[in-house]
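So the structure is just underneath, and the comments pick up after that.
The values are calculated or read from the model by the stated rules, or taken from the named source; none is laboratory data. As the structure is a prediction and not an experimental result, all values here were calculated from the model. Here the Cβ positions follow ideal geometry from the backbone for every residue, glycine too, while neighbour counts run over all protein chains shown. Ligands, DNA and RNA are excluded from the accessible area calculation, which covers all protein heavy atoms including side chains. Shrake-Rupley method; radii C 1.70, N 1.55, O 1.52, S 1.80 Å.
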Amino acid sequence: MKETPLSNCERRFLLRAIEEKKRLDGRQTYDYRNIKISFGTDYGCCIVELGKTRVLGQVSCELVSPKLNRATEGILFFNLELSQMAAPAFEPGRQSDLLVKLNRLLERCLRNSKCIDTESLCVVAGEKVWQIRVDLHLLNHDGNIIDAASIAAIVALCHFRRPDVSVQGDEVTLYTPEERDPVPLSIHHMPICVSFAFFQQGTYLLVDPNEREERVMDGLLVIAMNKHREICTIQSSGGIMLLKDQVLRCSKIAGVKVLEITELIQKALENDRKVRKEGGKYGFAESIASQRITAFKMEKAPIDTSDVEEKAEEIIAEAEPPLEVVSNPVLWTPGTAQIGEGVENSWGDLEDSEKEEEDEDGTDEAIILDSIKMDIGVEVSNIGSQDAPIVLSDSEEEEMIILEPDKNPKKIRTQTTSAKQEAPSKKPVRKRKKKRAAN
């Protein structure tokens with residue numbers, strides 16, 4: 001998916017704001033966004049948030065054979081991944097030019113600067129050395145990926161602990177964290193990248209550009225420096241010509257920013273070390289602020305509960321007693337009951353025009369139905385005069401059940417002929433009207 005381009009109005013608005021020394025997020029020209037560092041439950045796992053740009057760093061280690069030309073040095077490997085989860089413009093399974101440039105810059109910043117003592121990673125010269133792998137995953141992209149990635153990489157390396165080993169002859173023994181405490185890496189210094197964006201052919205300068213500012217910038221200058229003001233690497237991209245004074249000015253600003261970020265990293269590492277030593281809770285779940293989990297955050301107010309019982313008794317004494325309501329059940333027919341007044345059932349009511357048609361049709365049907373009822377009534381009365389059973393009949397020919405007390409019911413089959421003889425040949429069919437939907 002291609003990146004959505006900026007419109008001309010947005011581009012002019014951003015450039016006009018930069019000319020007036022204003023930024024969309026309210027920062028000043030040389031201000032960094034807020035940096036937040038959180039650690040996972042395992043050593044070497046961290047998340048660095050630079051504003052809305054989030055990078056996950058994970059360090060792992062493995063015993064491998066060393067390189068032929070460097071038999072006594074360990075191996076460092078860095079890998080940065082840009083997934084579609086961070087931005088839709090990133091294509092999976094394909095290395096873009098941006099990804100290649102960022103990986104090369106990270107290797108020059110961290111590996112070529114010799115910030116880690118690789119000789120301390122050697123176990124057996126020429127046979128076994130430690131390979132340290134740093135995997136960086138971009139979780140959300142809001143500009144300045146290289147700064148966030150460099151901070152996440154150096155923080156993960158400082159937080160990582162490798163297993164302890166012992167060598168006896170040709171045998172190498174690897175100990176678990178329960179048997180021996182893991183060993184931290186030997187780190188000489190912490191190089192950190194600082195990005196500078198140039199606009200209008202180098203006329204205007206911004207520190208830590210966000211995603212929209214990166215779209216309208218003319219060039220980018222990245223300076224990797226440690227707190228001792230030693231430049232580890234420097235890279236310029238965009239094809240703009242920078243003066244010597246501009247580069248020196250950027251290096252001075254980078255020295256101040258690197259010192260602040262280094263202090264923040266050391267404080268975060270010290271806090272995590274204290275929490276783990278004291279046995280407290282740690283991990284990504286504990287680093288989430290409580291107000292982000294709960295919907296609302298209410299301030300606690302003190303409540304005096306010393307005289308609650310007395311106040312409750314006063315309220316009950318002053319209150320009016322409740323009215324006694326006795327419900328009288330209404331028996332409409334045997335087997336049914338109603339409590340309360342209720343509302344008259346209006347289901348099946350007909351309108352005036354339907355009632356007139358029903359009355360006209362009902363007069364003819366009433367004569368036929370009365371004659372049938374008379375014949376059935378005579379038959380039932382004759383059967384009932386025999387003192388014993390009660391015969392229930394619903395149709396012309398069906399099974400009839402005779403109910404007798406203290407006896408098994410008997411089934412007899414009878415045929416009602418009187419109704420068939422006197423009833424007209426046409427069976428009465430009662431017309432049913434569909435109830436009209438009330439508007």
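For the residue pairs Lys2/Lys52; Lys36/Lys101; Lys52/Lys300, the alpha carbons lie more than 27 Å apart in Lys52/Lys300.
Ordering of 21-27, 199-205, 46-52 by packing is 46-52, 199-205, 21-27, highest average first (other Cβ atoms within 10 Å, averaged per residue). Within the assembled protein chains, the solvent-accessible surface assigned to Cys122 is about 40 Å², based on a 1.4 Å probe.
Let me know the Kirkwood hydrodynamic radius for segment 20-147, please, with Cα pairs as the basis and the value in Å to one decimal. Computed over segment 20-147, the radius equals 16.8 Å. Hydrodynamic estimate: the Kirkwood radius of segment 8-73 over Cα pairs, inserted into Stokes-Einstein at 37 °C and 0.692 mPa s, corresponds to D of 201 µm²/s. Descending by average beta-carbon neighbour count within 10 Å, the peptides 83-96, 155-168 line up as 155-168, 83-96, the highest first.
Please list log₁₀ I(q)/I(0) at q = 0.12 Å⁻¹ for segment 8-275, using the Debye equation with identical point scatterers on the alpha-carbon positions. Debye output, listed in q order: -0.76.
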